[in-house]
Structures are given as structure tokens and as C-alpha cells.
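Below: one structure, written as C-alpha cells.
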């Protein structure tokens, strides 16, 4: 069997980014696998950590893998829990806080992939 293609990464092989809270592992990104416009990452928030409220001109989708927390999206707050997906339209203010007792792990997909992370 041949080695994995360069476009296949394990989460631990992603590039670390700590910009607006927690640890983000860039998995699919122009800088990791050469994607053209797609970004996929895993965001890890330990209990008490948060991603500060922010907005950006690209769309984003979340899938909660593990843990619980509170999400703020465009003036509303709601609980995050495993197997939940959330769509964030471009320009909408959003952020998350892990107010649970275990790590909050979220798969994030962005299009287009941002330059900053």
C-alpha cells in the first residue's frame, strides 16, 4: 500500500491557530492541502474558554462533535450540544463559550477559506 496522498491529514497534522479563542487546527486550507476556496478546521475550547464575538465576510458551518456550550448568533443565544449543526451567514456576529465541564470540539467549514487562519 502506498503512503497517504498529501491531501489527507489527521487532525493532529493540521496547523495550529490561536487568534480569537481556543485552539483551531487547520485541516483543509490552501496552506495545508492546497484547497482553492475551502477551509475546514477543528476548534477545541476547554471549559471556560470562548471564541470572542466576531464577524467576517464569508459563510461558515459548524458541527458539534463533543461537549456543550452557548453560542451567540446575530442577537440570539442558544445551547450547543453534540451532533448539532449551525450555519453562520456572511457578516453575522457570532461566538461560542464552553460553559460545560468537558472540552467543546467543533468541526468548522468556511468558504472561502480565510487568509488569517
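Quick look at the values:
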| read-out | value |
| --- | --- |
| Residue within segment 97-105 that is at positive phi and touching a strand residue (DSSP E or B) at 6+ places or on another chain (Cβ under 7 Å) present | no |
| Hits in segment 76-88 (condition: exposed (fewer than 14 other Cβ atoms within 10 Å of the Cβ) and not in a strand (DSSP E or B)) | 81, 82, 83 |
| All positions within segment 89-117 that are closer than 14 Å to residue 48 by Cα and not in a strand (DSSP E or B) | 98, 99, 100, 101, 102, 103 |
| Selection within segment 57-75 - surrounded by 15 or more Cβ atoms within 10 Å (Cβ to Cβ) and assigned to a loop (DSSP other than H, G, I, E, B) | 58, 67, 68 |
| Residues within segment 1-40 that are out of contact with any helix residue (DSSP H, G or I) (no Cβ under 6 Å at 6 or more places or on another chain) and not in a loop (DSSP other than H, G, I, E, B), tallied | 13 |
| In segment 14-51, the residues that are loosely packed, with under 12 Cβ neighbours inside 10 Å and touching a residue at least 12 places away in the same chain (Cβ under 8 Å) | 34, 37, 48 |
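Each value in this text was obtained by applying a stated rule to the coordinates, not by laboratory testing. Because the structure is a prediction, the values reported are computed rather than measured. Ideal geometry is used to build each Cβ from the backbone, glycine not excepted, and the neighbour counts take in all protein chains shown.
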